[in-house]
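Take a look at the structure below.
The values are calculated or read from the model by the stated rules, or taken from the named source; none is laboratory data. Quick caveat, the model's predicted, so the values are computed rather than measured. Virtual Cβ from ideal backbone geometry, glycine too; neighbours counted across all protein chains shown. Areas reflect the complete protein model, heavy atoms only, side chains present, ligands, DNA and RNA absent. Shrake-Rupley method; radii C 1.70, N 1.55, O 1.52, S 1.80 Å.
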Amino acid sequence: MPMKRIVYTVFAFIIGLTAFSLNGEYTSSAAKEIHVYFEGKQLTFDDTDPMMIDSRTMVPFRKIFETLGFDVEWIGGKTQKAIGKKAGLTIELTINSNKAVVNGKTIELDVPAQLHQGRTLVPLRFLSENSGYHVYFSSGGSSYIVGIGSTEQLANPGVKETTPAPSPSTGKVESYIVKGRIVNAQGEPLPYVEVYADNTFLYDSHILGVTDEKGYYRLRIPELNFSYRMGAKLETNYGGKTTYFYMEPVPNHPFIGSDGAVRDFVLDINKGEIELHSWDSVFPEDENAPWLDIEDVELTLKPVGKLVDGSTGRTITNFPIHQDGVRLMEIPVGTYEVTAVWKPKGYKSVPLLVSLRDPEEYKERITITFDNPFGHHYLAKVEVKFPE
């Protein structure tokens with residue numbers, strides 16, 4: 001073999017043996033196992049294993065979307081897309097395209113979503129970080145470790161959370177005692193929440209209590225072998241008036257008084273709904289424009305102040321769906337500034353005027369506060385029209 005060819009061969013071998021990417025992910029010519037963790041628990045992939053492609057961790061799309069809390073949609077045909085949707089967030093990945101769409105905004109990808117042996121692989125870091133999670137990456141020995149977590153600590157599988165000292169209301173299940181804790185979605189305790197054990201045999205017979213300053217409760221059940229279901233009610237001042245959030249425990253199972261139980265609650269404030277209306281049907285400036293379909297109206301909701309549970313909200317941009325009318329659903333309850341844009345397919349976008357349905361005062365933007373007519377969902381009625 002000529003000396004020049006030998007040199008080229010050795011050089012190519014060295015380059016293929018080790019390579020580092022700018023974001024710290026490491027690739028090797030030898031296949032390494034990839035272990036993926038979510039909130040400290042290892043994920044299993046049944047259809048195909050994660051793999052490194054151009055120094056990026058690629059994983060099966062359905063598993064990672066569902067793990068991150070998305071509803072999954074697959075569009076086949078000539079243009080193949082993997083789409084994930086959850087409250088206030090939509091991510092679209094087109095096969096073999098270096099451009100992704102997040103809530104209508106185009107973002108460049110280092111590595112596109114792609115098909116591998118009939119399975120769709122998508123970039124883990126991009127999906128996780130655009131869903132608000134932290135990503136941890138390490139390489140050692142014969143494997144890569146990739147962690148996803150709501151905090152930097154939880155993203156690192158090697159770091160364990162510290163466990164607080166047990167409260168008197170936690171521990172082993174006790175006969176004729178039901179106990180647990182109530183927190184918000186951020187894991188913060190909720191004090192002074194009303195908790196009730198509802199007797200499933202005797203009508204309107206409840207055992208009542210409230211949570212302490214650390215969110216714990218403990219109720220003593222009468223020493224009779226009745227069964228009970230748990231519930232909780234948070235009373236709060238929202239929009240200048242008293243309103244309530246009703247909660248169900250996890251797990252939401254009945255229990256026998258003599259057995260006792262532990263029932264925890266997590267406050268879910270994703271109960272806001274915008275019911276969308278319009279009296280307009282055609283765009284007056286263009287007789288060739290399509291008819292107005294309000295499912296083509298994209299709403300943008302910008303939080304005004306804190307949400308009802310005291311947490312910081314984020315801007316939501318999405319289209320409504322047809323369900324009991326045309327609605328944008330699962331919005332964290334709070335006060336929002338609302339704008340609207342008509343975006344029909346194959347036609348230009350048109351900013352719309354918006355109004356609370358009563359009174360009808362149309363503006364470029366309005367502020368909404370959800371009403372709570374039935375105690376279990378929160379509603380705002382919004383109307384749109386073409387600019388005059």
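Worth a mention:
- The set of residues in segment 291-319 being in contact with a Lys or Arg (Cβ under 9 Å, 6 or more places away or on another chain) and part of a helix (DSSP H, G or I) consists of Asp296 alone.
- Tally of residues being touching a residue at least 12 places away in the same chain (Cβ under 8 Å), under 18 Å from Pro249 (Cβ atoms) and open to solvent by 70 Å² or more (accessible area, probe 1.4 Å) across segment 189-215: 5
- Residues being closer than 21 Å to Thr369 by Cα and among the charged types (D, E, K, R) are entirely absent from segment 248-263.
- Any pair with Cβ under 6 angstrom, 6 or more apart, that starts in segment 373-388 at a residue that is open to solvent by 30 Å² or more (accessible area, probe 1.4 Å) and at pLDDT 90 or above and ends at one that is not aliphatic (A, V, I, L, M) and not in a strand (DSSP E or B): Lys381/Arg357; Lys385/Asp280; Lys385/Tyr362
- Count - residues of segment 325-368 that are touching a Ser or Thr at 6+ places or on another chain (Cβ under 6 Å), under 19 Å from Pro303 (Cβ atoms) and open to solvent by 60 Å² or more (accessible area, probe 1.4 Å): 1
- Flag if Asn184 is in contact (Cβ under 8 Å) with a residue 24 or more places away in the chain, more than 29 Å from Gly69 (Cβ to Cβ) and open to solvent by less than 20 Å² (accessible area, probe 1.4 Å): no
- Count - residues of segment 55-67 that are within 15 Å of Val102 (Cβ to Cβ) and open to solvent by 40 Å² or more (accessible area, probe 1.4 Å): 0
- Qualifying strands (runs of 3 or more DSSP E) (wholly inside segment 1-67; at least 2 residues being at pLDDT 85 or above and touching a strand residue (DSSP E or B) at 6+ places or on another chain (Cβ under 8 Å)): 33-38, 51-53, 56-60
- Close pairs (6 angstrom Cβ cut-off, 6 or more residues apart or separate chains): under 12 Å from Lys86 (Cα atoms) and touching a residue at least 12 places away in the same chain (Cβ under 8 Å) in segment 315-328, outside any strand (DSSP E or B) and among the polar types (S, T, N, Q) anywhere: Thr317/Asn103
- Inside segment 37-58, residues that are over 19 Å from the mean Cα position of the chain (by Cα), under 17 Å from Asn130 (Cβ atoms) and of a type outside the set (Lys, Arg) make up a count of 2.
- Scanning segment 86-128 for residues that are in a strand (DSSP E or B), free of Cβ contacts under 8 Å to residues at least 60 places away in the same chain and open to solvent by 60 Å² or more (accessible area, probe 1.4 Å) yields Lys99, Lys105, Thr106, Glu108, Leu115.
- Within segment 252-266, considering residues that are within 19 Å of Gln186 (Cα to Cα) and of a type outside the set (Lys, Arg), the one least open to solvent (accessible area, probe 1.4 Å): Phe265
Residues are listed down the side, and each one gets a yes or a no for (1) open to solvent by 50 Å² or more (accessible area, probe 1.4 Å); (2) out of contact with any strand residue (DSSP E or B) (no Cβ under 6 Å at 6 or more places or on another chain); (3) in a strand (DSSP E or B); (4) hydrophobic (A, V, I, L, M, F, W, C):
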residue: Arg218; (1), (2), (3), (4): yes, no, yes, no
residue: Ala232; (1), (2), (3), (4): no, no, yes, yes
residue: Asp268; (1), (2), (3), (4): yes, yes, no, no
residue: Ile274; (1), (2), (3), (4): no, no, yes, yes
residue: Ser281; (1), (2), (3), (4): no, yes, no, no
residue: Ala289; (1), (2), (3), (4): no, yes, no, yes
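- Segment 220-230, subset open to solvent by 70 Å² or more (accessible area, probe 1.4 Å) and in a strand (DSSP E or B), residue nearest to Val183 (Cα to Cα): Arg229
- Within segment 68-78, considering residues that are open to solvent by 80 Å² or more (accessible area, probe 1.4 Å) and not acidic (Asp, Glu), the one nearest to the chain's Cα centre (by Cα): Trp74
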